[in-house]
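The values are calculated or read from the model by the stated rules, or taken from the named source; none is laboratory data. Since we're looking at a predicted model, the values are computed, not measured. Every residue, glycine as well, gets a Cβ built from its backbone with ideal geometry; the counts of neighbours run over all protein chains shown.
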Amino acid sequence: MQRFINDPDLVVEDTVKGFVKAHADIVRLGDNPRVIIARDTPIAGKVGVVTGGGSGHEPAFIGYAGKNMLDAVAVGELFSSPTAKSFYDAIKASHAGKGVVVLYGNYAGDNMNVKMATKLAAKDGIDVLTVVANDDVCSAPPEEREKRRGVAGEIFMWKVGGAKAATGASLEEVRATAQKAIDNCRSIGVGLGPCTLPAVGHPNFQIEAGTMEVGIGHHGEPGVRVEPLKTADAVAKDMVKIVLDDHNLPEGTEVAVLVSGLGATPLNELYILHDTIESEIAARGLKIAKTWIGNYFTSLEMVGATLTVMALDDDLKTLLDVETRCTMVL
Amino acid sequence: MQTFDNAASGAIVLAMAERIIENRAYLSEIDGKIGDGDHGVNMAKGFGMAADRLRDANVSLAQSMDTLGTLLMSEIGGSMGPLYGVMFTEFAEVLEGAETIDAARYSKMLHAGLAGIQAIGSAKVGDKTLLDTLVPAIDAFDAALAQGKSFSDALGLLVAAAEAGRDSTINLVAKIGRASRLGDRSLGVLDAGATSCAIILKELSVGASGHLKATG
């Protein structure tokens, strides 16, 4: 393992320190060193928008804190939910009198810690509503959608929720809009190589040379099948098929597309994938209104990529166009 | 009747922390087979922080458990931070104020910890979680007392049931948490939470056993 670290147990501390130094014009730290707060938060008249999750997915989650996006982000250990206290501190820091919406991914630890944080906030008289992202198609069948994990679709949920909150909308309006955003998202991941938690020191799963794992999760959760590595065109076709077969969108629907690397895949390969992703989506009669390609939501140094497709309506399209000021511009 | 002294038994939590730290790599290894391999790392971090605070503090078992539970909840996230955090703070609440701990209070303590876990999580026995260790352990302890066995014998049966419960997770399909996404592929592997729970219950019960005195 060759990595730029000091102490494997201090990876998150050191990451946050560097992040805050680099982006002091956008974010600040509060009293809790595990909560990143947008510089101007709390903003009077605005619902607070909070997320949180394990580290190792940078730029998610911290890179999306900033103007018109997330007010505060609770930071967990690598691949491990933030504490209830960090979620609670993020909620408190974001509250400007109109309540706070917590937009997070469907993982057991996050569910428990957000639940406890919400109870703590209720004692302070802060209204909190939550939306749980479940866009990962391969993590459970359609009839058990509530069991699916949240992955890169969370970025669209944050963008839309943050933009809605910036309009001065009520807590319930922000919740409903963020819920609509994630309901309209479907994602798929394909893994070509594993990742290693520095404190563990070796990969926690294997992908044999010459094979790929279709449907892999953001922490290396096994996918639905392992098969011989195919050409980028064939992989892209599979990804589009899995996502859109689940999505079942009427012809003519406008969509937003996000292709994210998982950490160790070069950007040029994401464009190679997108070349076919775009033509496959078009071939199904869908109209791509907006596209993002890059390392938006990673899994340490995993080799692989995810595809997220969000179905748009006029409301979502307008909200996606709202300008943000985060370290990751969307 | 057998009891043990609350004030003099704080070191049990230190011994427990040592076992967890010793098993750091092992717990991460089993977690890595079906989870993400950080269970040992996070557990060792939380228990290690508690041990650092408790080492020269010379406090009671109740206070030691409260320190540990509060630390796990405020410093260690994931699933294990809140679950074990709640368990130890609930344990502590039952022991708080008791000069000596008898079998009935020990049972009450275990039940309070279980109730705390069930209030925040949604797992059931058979879902391949720490409950597969904790629930049969409590049942075995209560059954032994109902049969008129001594506190010390009941503790021994608790440990045996905890370890059998831990081993039962090898043949279970995970229904909750990260491993649940694997379906049948989670078969054949111990659950990391069930394994750490067996370590905790063993240290706690062996420690209690070692402090037992015959009274009135």
Can you name the number of the only condition in (1) touching a residue at least 60 places away in the same chain (Cβ under 8 Å); (2) touching a helix residue (DSSP H, G or I) at 6+ places or on another chain (Cβ under 6 Å); (3) of a type outside the set (Asp, Glu); (4) surrounded by fewer than 24 Cβ atoms within 10 Å (Cβ to Cβ) that A:Val47 fails?
(4)
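Would it be correct to say that B:Gly40 is within 12 Å of another protein chain (Cβ to nearest Cβ), closer than 12 Å to B:Ser196 by Cα and either charged (D, E, K, R) or part of a helix (DSSP H, G or I) (or both)?
It is true that B:Gly40 is within 12 Å of another protein chain (Cβ to nearest Cβ), closer than 12 Å to B:Ser196 by Cα and either charged (D, E, K, R) or part of a helix (DSSP H, G or I) (or both).
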What number of residues within the range B:8-37 are of a type in the set (D, E, K, R), in a helix (DSSP H, G or I) and crowded, with 21+ Cβ neighbours inside 10 Å?
1
Could you say whether any residue in the range A:106-123 is buried (at least 23 other Cβ atoms within 10 Å of the Cβ), within 18 Å of the chain's Cα centre (by Cα) and under 23 Å from A:Val329 (Cα atoms)?
no
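Here is a yes/no grid of residues against (1) more than 14 Å from the chain's Cα centre (by Cα); (2) surrounded by 22 or more Cβ atoms within 10 Å (Cβ to Cβ):
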| residue | (1), (2) |
| --- | --- |
| A:Gly97 | yes, no |
| A:Leu129 | yes, no |
| A:Cys138 | yes, yes |
| A:Pro141 | yes, no |
| A:Lys147 | yes, no |
| A:Met157 | no, yes |
| A:Val174 | yes, yes |
| A:Lys180 | yes, no |
Taking the stated definitions as given, is A:Ala74 at pLDDT below 95, within 17 Å of A:Ala121 (Cβ to Cβ), surrounded by 24 or more Cβ atoms within 10 Å (Cβ to Cβ) and within 14 Å of chain B (Cβ to nearest Cβ)?
no
The range B:49-76, subset under 16 Å from A:Ala117 (Cβ atoms) and touching a residue at least 24 places away in the same chain (Cβ under 8 Å), residue farthest from the other protein chains (Cβ to nearest Cβ)
B:Leu72
For B:Asp66, the lone unmet condition from (1) within 19 Å of B:Leu14 (Cβ to Cβ); (2) of a type outside the set (A, V, I, L, M, F, W, C); (3) over 17 Å from the mean Cα position of the chain (by Cα) is (3)
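List the strands (runs of 3 or more DSSP E) inside the range A:223-330, counting only whole elements, that have at least 3 residues being in contact with a Ser or Thr (Cβ under 6 Å, 6 or more places away or on another chain) and of a type in the set (A, V, I, L, M).
Hits in the range A:223-330: A:303-311.
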